[in-house]
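Take a look at the structure below.
The values are calculated or read from the model by the stated rules, or taken from the named source; none is laboratory data. Since this is a predicted model, take the numbers as computed values, not measurements. Cβ placement follows ideal geometry from the backbone for every residue including glycine, while neighbour counts extend to all protein chains displayed.
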Amino acid sequence: MDDTPLAVTGNRLETIMNEKKDPQPEAMARLEEMLRIFNETTAKLEATQAALQDKVRELQSELAEKNRLLARKNRLAALGEIAAGVAHEIRNPLGGIGLYADMLAGKLEGNPSLAVVEKIQRGVRTLNDLVEKLLLYTSGVTADFGETDLNLILDEAFVFAAAEIEKAGIIVNRPDPGESFPIVADEQLIMRAFLNVILNAVQAMGKDGELTVNIGLEGDEKEGAYIITLTDNGPGIPQEELDRIFDPFFTTRSGGTGLGLAITAGCVDAHRGRIKARNTAEGGAQFVFILPCRPDRIQAEDEE
């Protein structure tokens with residue numbers, strides 16, 4: 001056996017020494033880094049999953065609402081066809097009845113029987129008003145847009161409702177007449193919509209009620225929308241009636257036709273707007289109009 005000592009160079013000795021070092025701290029550091037990355041990734045995945053679940057719930061809610069509105073639209077379309085047919089069938093004989101009643105009233109001047117004829121005339125006028133509303137609702141509401149101001153439209157609506165408001169002793173709170181809320185709209189349609197809601201509120205409140213009108217703007221006057229609320233302090237709307245309140249012929253008021261709010265909804269739809277009814281925390285009813293400032297632009301975009 002050769003007893004000559006092995007020659008070990010400096011580089012070789014360094015390699016041997018490095019191989020004998022404990023590799024555990026370096027491995028632990030790599031493991032800790034991997035665990036940190038894993039935990040961060042897991043947290044991000046959990047956050048993403050939660051956000052997706054929220055979005056799914058939101059989309060499901062939107063889909064359910066769209067399905068509800070579509071079902072209502074189909075139901076109302078079928079009802080509208082029937083109503084239009086009935087209105088046309090009634091209109092012709094009704095005109096004849098009204099004409100003969102007027103002729104008879106002229107001949108009975110000063111006769112006690114005139115009171116009976118006057119009742120016939122009132123009945124004819126009531127039926128004729130119903131037929132006109134039916135035809136307006138079933139033919140669809142078309143807006144004739146022009147530049148106007150919401151406060152001016154409110155002025156006109158309150159002029160028409162003045163007698164009912166004064167008779168019931170209603171207190172009205174509304175925006176200062178000097179304030180300006182410029183909008184492109186069909187004045188007559190929006191006035192009719194406001195008037196229907198105002199009269200409904202007066203009838204619901206009875207004596208000494210209070211009606212509050214507020215107007216706010218979301219966005220700007222070019223791309224935004226006005227939020228108009230009409231709030232009364234009456235008994236409110238029963239929960240089971242809220243979904244049906246804009247349906248034609250739905251009414252809980254004696255002598256009501258159930259067409260006023262249906263036509264109101266049609267006037268708002270013609271402006272690419274929305275209307276909803278709800279109850280306030282205090283118990284009264286609140287109607288919310290959402291009217292685009294420039295519905296004519298929305299219409300143009302829809303047609304392109």
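Would a scan of the range 60-82 turn up a residue that is assigned to a helix (DSSP H, G or I), more than 23 Å from the chain's Cα centre (by Cα) and in the same structural domain as E118 (by TED's automatic domain parsing)?
So in the range 60-82, the residues assigned to a helix (DSSP H, G or I) come out as 60-82.
Among the residues that remain, those that are also more than 23 Å from the chain's Cα centre (by Cα) are: 81-82.
Next, from what is left, pick out any that are in the same structural domain as E118 (by TED's automatic domain parsing): 81-82.
Yes.
Among the residues of the range 225-256, write down those that are in contact with a Pro (Cβ under 9 Å, 6 or more places away or on another chain) and polar (S, T, N, Q).
To start, the set of residues in the range 225-256 that are in contact with a Pro (Cβ under 9 Å, 6 or more places away or on another chain) comprises 225-226, 252.
Within the range 225-256, T252 is the sole residue that qualifies.
Which of the numbered conditions does G273 fail, given that it passes all the others? Conditions: (1) surrounded by fewer than 20 Cβ atoms within 10 Å (Cβ to Cβ); (2) in contact with a strand residue (DSSP E or B) (Cβ under 7 Å, 6 or more places away or on another chain).
Looking at each condition in turn, G273 falls short on (1).
Note down all Cβ pairs under 6 Å where the first residue falls in the range 185-200 and is closer than 14 Å to L259 by Cα and touching a residue at least 40 places away in the same chain (Cβ under 8 Å), the second is crowded, with 22+ Cβ neighbours inside 10 Å and among the hydroxyl-bearing types (S, T, Y), and they're at least six residues apart or on different chains.
Between residues of the range 185-200 that are closer than 14 Å to L259 by Cα and touching a residue at least 40 places away in the same chain (Cβ under 8 Å) and residues that are crowded, with 22+ Cβ neighbours inside 10 Å and among the hydroxyl-bearing types (S, T, Y), the close pairs are A193/T264; N196/T264.
Can E132 be described as loosely packed, with under 14 Cβ neighbours inside 10 Å, of a type in the set (D, E) and modelled with pLDDT of 90 or more?
Values: loosely packed, with under 14 Cβ neighbours inside 10 Å: yes; of a type in the set (D, E): yes; modelled with pLDDT of 90 or more: no.
So E132 does not fit the description; no.
Filter the range 114-158 down to residues that are of a type in the set (D, E, K, R) and outside any helix (DSSP H, G or I) and give me whichever is nearest to A265 (Cα to Cα). Working first, answer last.
Step one: list which residues in the range 114-158 are of a type in the set (D, E, K, R), which gives 118-119, 122, 125, 129, 132-133, 144, 147, 149, 155-156.
Restricting the remaining residues to those that are outside any helix (DSSP H, G or I) gives 144, 147, 149.
Numbers: D144: 16, E147: 21, D149: 20 Å.
Filtering first and then ranking leaves D144.
Can A161 be described as assigned to a helix (DSSP H, G or I), in the same structural domain as G209 (by TED's automatic domain parsing) and among the small types (G, A, S)? Break it down stepwise before answering.
Details: assigned to a helix (DSSP H, G or I): yes; in the same structural domain as G209 (by TED's automatic domain parsing): yes; among the small types (G, A, S): yes.
Spelling it out, A161 is indeed assigned to a helix (DSSP H, G or I), in the same structural domain as G209 (by TED's automatic domain parsing) and among the small types (G, A, S).
Of all residues being among the small types (G, A, S) and assigned to a loop (DSSP other than H, G, I, E, B) in the range 268-283, which is modelled with the lowest pLDDT? Just the residue, please. Please lay out each step first, then the result.
Of the residues in the range 268-283, the ones among the small types (G, A, S) are 270, 273, 277, 281, 283.
Okay, now just the ones that are also assigned to a loop (DSSP other than H, G, I, E, B), so 270, 273, 281, 283.
Values: A270: 88, G273: 92, A281: 87, G283: 83.
The qualifying residue modelled with the lowest pLDDT is G283.
Select, from R68, R72, R91, the only residue that is exposed (fewer than 14 other Cβ atoms within 10 Å of the Cβ), closer than 28 Å to D269 by Cα and modelled with pLDDT under 85.
Details: R72 fails: exposed (fewer than 14 other Cβ atoms within 10 Å of the Cβ); R91 fails: exposed (fewer than 14 other Cβ atoms within 10 Å of the Cβ).
Exactly one residue qualifies, and that residue is R68.
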